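Right, one structure below, let's go through it.
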Amino acid sequence: MSGHPAAAQLAVEPFFDADSATWSYLLHDASTGDCALIDPVLDFDAASGRCTTASAQRLLDRVAELGARMQWILETHVHADHLSAAAWLRRRTGARIGIGTRVVDVRHAFGKLLADPELGAGELPFDRLFADGDVIQVGRVPLRVWSTPGHTPACVTYVLESGAVQGLAAGAAFVGDTLFMPDCGSARCDFPGGDAHALYRSAQRLLSLPPETQLYFCHDYPPAGRAARFGTTVADQRANNIHLGRARSQDEFVRLRTARDAALALPRLLWPSVQVNARAGDLPAPVSGGGRFLRLPVSLG
């Protein structure tokens, strides 16, 4: 026996929210009992404006079942298609909320668009803003942060080295919306601060990882006949991604992405999502009468 401790590993458990097609992840180091959650969902009924916590409670129940301690709630970006449960989870666990440092740009852009001074210039509600190359610990396992802008300026990917995930010899990366399953392609780039050129460069950075690297997605919107999946490999993306595969050039990608974005409708939860998620999952402050309200831009014609 060498006397050296075994290499630390994380168990990764995916959780799917069918209503928003969102994948959330629980990362758990059994050797220390520490864990992190990535992209947790707050349930939201748009018709009534009511938020509920069944999806987030399912994560908490699993953390309790494992007897784990939650260190981190990690966001890959300010989501536009579901509300984050980060603030609700922080209040119940004391875990820290982390997101990319350029969330400041996202808050400013949407604060201006919505004429919301609290969002545009208010105090930042996140515990840690990650820059490219930052490293955090989940238990004994280091998680490296990559800046992967394009879909939004603040998008980040969380990268694990080879052997850090139980059951995987290769490394892994939690890519948010930068990439989707190969038959869905890539994320839109037409939100404020989005940039198709930047998304192409971010995608190429991810595709430069070793081919057997596992990529975990934040969303999957499967075509008819395919069940939702949470991930695939870099090799599969290189070969089969309908927007980026087979060495498509940057100019080709930008033309394709721009044309596709022009034909897309806005996500159904865009306005509630960005206002809540830019606040780390909290609702806007109550008005004098005690109610909380979200803003909605309107136009005529």
- Hey, does region 241-255 have a residue that's under 27 Å from residue 47 (Cβ atoms) and among the aliphatic types (A, V, I, L, M)? no
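For region 250-268: of the residues being among the aliphatic types (A, V, I, L, M) and assigned to a loop (DSSP other than H, G, I, E, B), which is surrounded by the most Cβ atoms within 10 Å (Cβ to Cβ)?
Quick first cut of region 250-268, residues among the aliphatic types (A, V, I, L, M) only: 254, 256, 259, 262-266.
From the residues that got through so far, the ones that are assigned to a loop (DSSP other than H, G, I, E, B) too are 263-266.
On the way: 263: 6, 264: 9, 265: 6, 266: 12.
Result: 266.
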- Message: Residues that are surrounded by 17 or more Cβ atoms within 10 Å (Cβ to Cβ) and of a type in the set (Ser, Thr, Tyr): does region 23-33 have at least one?
- Response: yes
- Message: So if I check each of 290, 185, which one is under 19 Å from the mean Cα position of the chain (by Cα), on the phi > 0 side of the Ramachandran plot and not charged (D, E, K, R)?
- Response: 185
- Task: Please go through region 124-173 and pick out each residue that is free of Cβ contacts under 8 Å to residues at least 12 places away in the same chain and either crowded, with 17+ Cβ neighbours inside 10 Å or at positive phi (or both).
- Result: 134, 167
- For residue 300, which of the numbered conditions (1) touching a residue at least 40 places away in the same chain (Cβ under 8 Å); (2) hydrophobic (A, V, I, L, M, F, W, C); (3) farther than 22 Å from residue 77 by Cβ fails to hold? (1)
- Message: I'd like the full set of residues that are in a loop (DSSP other than H, G, I, E, B) and touching a residue at least 60 places away in the same chain (Cβ under 8 Å), limited to region 216-231.
- Response: 217, 218, 220, 221, 228, 230
- Task: Determine if region 45-52 includes at least one residue that is under 23 Å from residue 137 (Cα atoms) and of a type in the set (Asp, Glu).
- Result: no
- Note on the structure: Listed by first then second residue, the pairs whose first member lies in region 57-81 and is charged (D, E, K, R), whose partner is not in a strand (DSSP E or B), with beta carbons under 6 Å and at least 6 positions apart or on separate chains, are 69/33; 81/20; 81/267; 81/269
- Item | Extreme residue, nearest to residue 177 (Cα to Cα), among residues of region 85-113 that are buried (at least 18 other Cβ atoms within 10 Å of the Cβ) and among the charged types (D, E, K, R) | 102
- Task: Could you run through region 114-123 and say how many residues are under 23 Å from residue 156 (Cα atoms) and either surrounded by fewer than 14 Cβ atoms within 10 Å (Cβ to Cβ) or more than 22 Å from the chain's Cα centre (by Cα) (or both)?
- Result: 3
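FYI, it's all coordinate maths here, none of it is from the lab. What you see is a predicted model, and the numbers here were worked out from it, not measured in a lab. Note: ideal-geometry Cβ built from the backbone for every residue, glycine included; neighbour counts use all protein chains shown.
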